[in-house]
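A quick write-up on the structure given underneath.
Any read-out appearing in this document is the output of simple, stated calculations on the displayed coordinates, not a laboratory observation. Source: prediction; values computed, not measured. Glycine also receives a Cβ, built like all others from the backbone with ideal geometry; neighbour counts cover every protein chain displayed.
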Number of protein chains: 2
Amino acid sequence: MRDRSTSSPAKAPIRRSGFSVDLVLLTPHGKQLAVLLNRSADPRAREKWSLPYDLLRPDETLDVAADRMGRAALGGTPSWLEQIGAFSDGRRHPADVDLSVGYVGLVPMGVPAPVGGVAAWFPMADLPALAPRQRAIVDTANERVRERLDQAPIAFRLLPPTFTLSELQSMYELLLGRRLHKASFRRALQGAWLVEPTEEWRSEGRGRPAQLFRYAPRRRRSSRRGVRFELLG
Amino acid sequence: MRDRSTSSPAKAPIRRSGFSVDLVLLTPHGKQLAVLLNRSADPRAREKWSLPYDLLRPDETLDVAADRMGRAALGGTPSWLEQIGAFSDGRRHPADVDLSVGYVGLVPMGVPAPVGGVAAWFPMADLPALAPRQRAIVDTANERVRERLDQAPIAFRLLPPTFTLSELQSMYELLLGRRLHKASFRRALQGAWLVEPTEEWRSEGRGRPAQLFRYAPRRRRSSRRGVRFELLG
DNA sequence: TGACATTAGTGACGTTTGGTGACTAATTCG
DNA sequence: CGAATTAGTCACCAAACGTCACTAATGTCA
């Protein structure tokens, strides 16, 4: 299903001339992110697991191909998807292609990997060995998610449709890798007009029940600020 | 020189199976940025001008190829270079390849286009017709430069080694497309420890002479800020 | 030569933004 | 009931930022 190559028996370091699209699907998994990996079809493959990848079909857009692969890998479409670039140095790739185009996708928490053991979620900190080029793609995916965190609804796409503000803050803390102050977080969120409260409350065991919110961004003028020099040197 | 294809007389919509690297070289030109374009070698080409592009050579890294193309197009190496992604939808490209990898490069002001008329600088606002895929690459290059403006030394790479603070501010204003307040700009710059003064002053016709500065970033701790919700909805 | 225009550079004030600790509120558990 | 736990808010203070106004140093021109 995944192998669309014409039968080429060569195992030598001859690269196929095409290129692949490689997908990094991320979902929250406890205190960290997890990546979806496919078990290698070829038992002789040097790595047992790999990112989902495929060759681009004729007359298919890159973005469309990535979405199609997301559906193929999960049964549903990722809640967010973005290209992270082209990867081609000498590093090895399972498809033996010259070049691979990487995509990051987000999957809301709680979506299980397809049954059958062909795919599984692996925590970021405990990945099995991957082909070097795919390893680079995973690392870039991680960076990209952090970079986009404040410009795209990353955290919201990893949460269910309704969530508590504590859950939202925990998601930001997971993605940023550091703690945030409750009052500051909520004040900033208030000013951004990104969420609206629902009528529901959720009692999570002990403690005061929390109100549920949903992601409902409202138009606001982009603040005409001065320059930020974030460059560190 | 640029055409490395095996002689394929086909003019039909048959795509070559390879991919190209396309370079958007930018330099300040008056009140806006300018792009370096090559005159099409083939007089029957549908567009008279194109971005510099080439096919990746065997065992060559994408980054290396982009740098090589920058040197070939200008005689010198770009002062900054970054990949901006892979482009492949149905849109036409002069090389008739399935996929193109775009790069942005910066060139300090004052570097002339090579003599001979094979290349020329075109102001952003007044570009000639380009193949649709290259047009998309140019647009993405522009966005990327603005996105990176506060994280990479974009403005400094477009200026000569020493410059006045007014020139630096003008460069930021050019890139951002809006005016900045002088005192705020300088205060923020001061806090960022990015420049150091030289002993030289420059008298530019009328008005008080300005001190020259050079880009000399000093290490500083990354500020542990809270979250920014720049997302506009 | 002196008034004026022009550009560079800085000081100071008030407002907004953001970090922080401490408070109140509502629930479970014993 | 009281302690523990989690949610939600308030108020204080410091840092950051927009703005105006001022001083400084040059050229231009009457």
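Please give, to one decimal in nm, the separation of the simple spin-label points placed at B:R208 and B:R220, each 7 Å out from Cα toward the Cβ.
If labels sit at B:R208 and B:R220, their model points lie 2.4 nm apart.
Once the label point is set 7 Å along the Cα-to-beta-carbon vector, what list of distances in nm do you get between B:P58 and its counterparts in the other copies?
Copy-to-copy label distances at B:P58, shortest first: 2.8 nm.
Roughly how tilted is helix B:132-148, in degrees to the nearest 10 and between 0 and 90, from the longest Cα axis of chain B?
Relative to chain B, helix B:132-148 is tipped by roughly 20 degrees.
Under a straight-distance cross-link criterion of Cα-Cα below 15 Å, which aspartates and glutamates are reachable from A:K182, leaving out those fewer than 8 residues away in the same chain?
A:E167, A:E173
Which trypsin sites (Lys or Arg not before Pro) in segment B:102-185 pass both tests, a DSSP loop state and at most 15 other beta-carbon atoms within 10 Å? Present the calculation step by step, with values, prior to reporting the outcome.
Numbers: sites: B:R133, B:R135, B:R144, B:R146, B:R148, B:R157, B:R178, B:R179, B:K182; in loops: B:R178, B:R179.
Those satisfying the criteria are B:R178, B:R179.
In nm, one decimal, shortest first: how far is the label point of B:R206 (7 Å from Cα along Cα to beta carbon) from the matching points in the other copies?
Inter-copy label distances (nm, one decimal, shortest first): 7.7.
Helix-derived [θ] at 222 nm for chain A: sum -39500 (n - 2.57) over DSSP H runs of at least 4, divide by residue count, nearest 500?
Values: 5 runs with 58 residues, N = 233.
Mean residue ellipticity, 222 nm, calculated: -7500 deg cm²/dmol.
If the only charges are +1 at each Lys and Arg Cβ and -1 at each Asp and Glu Cβ, what is the size of the charge dipole of chain A around the Cα centre, to the nearest 20 debye?
Numbers: 37 positive and 25 negative charges, 139 e Å.
Result for chain A is approximately 660 debye, rounded to the nearest 20.
Measuring from a point 7 Å out along Cα→Cβ, what nm distances, shortest first, does A:S223 have to its partners in the other copies?
Spelled out, the distances from A:S223's label point are 1.2 nm.
Select from B:Q190, B:V138, B:Y215 the residue farthest towards the positive end of the dipole of segment B:137-233; place +1 on Cβ of Lys and Arg, -1 on Cβ of Asp and Glu, and compute about the Cα centre.
Projecting each Cα onto the dipole axis, the largest value belongs to B:Q190.
Taking amide hydrogens as modeled 1.01 Å from N in the peptide plane, which residues meet the under 5 Å criterion relative to A:D54, leaving out close sequence neighbours?
A:V21
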